[in-house]
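To keep things clear, I will list the structure first and then write my remarks on it.
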Amino acid sequence: MGDLSAVDVPADFEREFPGASRSATLVAANLVRTATDLLAAIERPPREAVGLSVSAFQVLVVLDGAGEPLTGQAIAEELLVTSASMTSLLDTLQRRGLVERRPHPTDRRKILIHLTEQAQRTVDLQLPAVHGSITQAMADLTEAEREQFLDSLTKMRAGLTRLAAQPTPTFKARRKRRARPGPTTA
């Protein structure tokens with residue numbers, strides 16, 4: 001985590017980008033930076049302790065939470081990743097002895113993913129560290145601020161869902177470039 005200052009945009013942002021909102025851009029830019037920093041904090045314990053990426057650790061957590069073996073497709077749907085990405089993750093986890101692939105007992109077309117004992121120990125040790133990192137990351141917000149933030153995020157996600165259902169917006173306004181200082185002579 002680097003610079004703690006807020007991401008800023010120039011005061012004349014809306015003149016440069018007619019139809020855009022400076023405050024919306026400030027919120028989006030700062031949300032992305034904060035999400036990146038939060039993800040780094042969440043990823044740190046399993047990465048430093050056992051060398052797992054956040055995606056690999058999430059696979060183990062999904063299997064642990066399910067309480068039963070799952071298909072790779074079910075895990076991919078839960079994590080919102082492609083089947084190719086899931087196959088690669090499962091290959092890595094299998095090589096490391098953290099998951100096993102076994103035939104489905106009643107459907108020979110399916111393969112079930114099982115946690116190994118080593119993976120279960122990893123989840124049991126690392127999940128509390130991850131939740132501790134999340135708690136520390138949110139420590140400066142009061143409970144009321146967290147609830148208000150969650151409400152705001154829920155509204156934002158609803159807007160994003162509506163936006164995703166619409167055609168990509170086109171804007172007639174063009175960027176009005178800021179004047180740049182010319183070369184100086186000494």
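With a length cut of 24 Å (Cα positions projected on each helix's long axis) and a Kyte-Doolittle mean of at least -0.5, go through the chain and give me the DSSP H helices that pass.
Going by DSSP H runs, the hits are 22-50, 117-137.
Counting only helical runs of four or more DSSP H residues, what would the 222 nm mean residue ellipticity of the chain come to if each run contributes -39,500 (n - 2.57) and the total is spread over all its residues?
So the helix-based figure for the chain works out to -19500 deg cm²/dmol.
What is the gain in length, in nm to one decimal, between residue 148 and residue 120 on full extension, counting 0.36 nm per residue of separation less the C-alpha to C-alpha distance?
6.5 nm
So for each of 7-20, 86-99 I average, over its residues, the number of other beta carbons within 10 Å; can you give me the resulting order with the highest mean first?
86-99, 7-20
Spin-label point model (7 Å from Cα, Cβ direction): what's the residue 109 to residue 9 distance in nm?
4.8
Rg (Å, one decimal) plus Dmax (Å, integer) for the alpha carbons of the chain?
22.6, 82
To two decimal places, what compactness ratio does segment 53-160 give when its Cα radius of gyration is scaled by 2.2 N^0.38 Å?
Scaled against compact globular proteins, the figure is 1.31.
Would you please give the residues with an amide H less than 5 Å from that of residue 71, counting only those at least 5 places away or on a separate chain, with H modeled from the backbone geometry?
For residue 71, whose amide H was placed from the backbone, the distant partners under 5 Å are 113.
Could you please report the charge total around residue 66, scoring K, R as +1 and D, E as -1 over all other residues with beta-carbon less than 13 angstrom from its beta-carbon?
-4
Which of 129, 165, 49 moves the most in a Gaussian network model of the chain with Cα springs under 10 Å?
Result for the chain, Cα springs under 10 Å: 165 fluctuates most.
For Cα pairs less than 8 Å apart in space and 6+ apart in sequence, what is the mean separation divided by the residue count of the chain, i.e. the relative contact order in percent?
That works out to 24 percent.
At R0 = 45 Å, how high is the FRET efficiency between residue 176 and residue 91 if r is their beta carbon distance? Nearest 0.05 is fine.
For residue 176 and residue 91, the calculated efficiency is 0.35.
Once you put a point 7 Å from the Cα of residue 27 and another 7 Å from the Cα of residue 48, both along the Cβ direction, what distance in nm separates them?
3.4
Obtain the nm distance between the two label points defined at residue 157 and residue 134 by a simple spin-label model: each point lies 7 Å from its Cα along the Cα-to-C-beta direction.
Simple spin-label model gives 1.2 nm for this pair.
Evaluate the Debye formula for segment 1-70 with equal point scatterers sitting on the alpha carbons, no solvent, and hand back log10 of I(q)/I(0) at q = 0.17, 0.20 Å⁻¹, in q order, two decimals.
-0.74, -0.85
Every read-out reported here was derived from the displayed coordinates using simple, explicitly stated rules and does not represent laboratory data. Bear in mind that the values here come from a model prediction, so they are computed numbers and not experimental data. Every residue, glycine among them, receives a Cβ derived from its backbone with ideal geometry; neighbour counts consider all protein chains shown.
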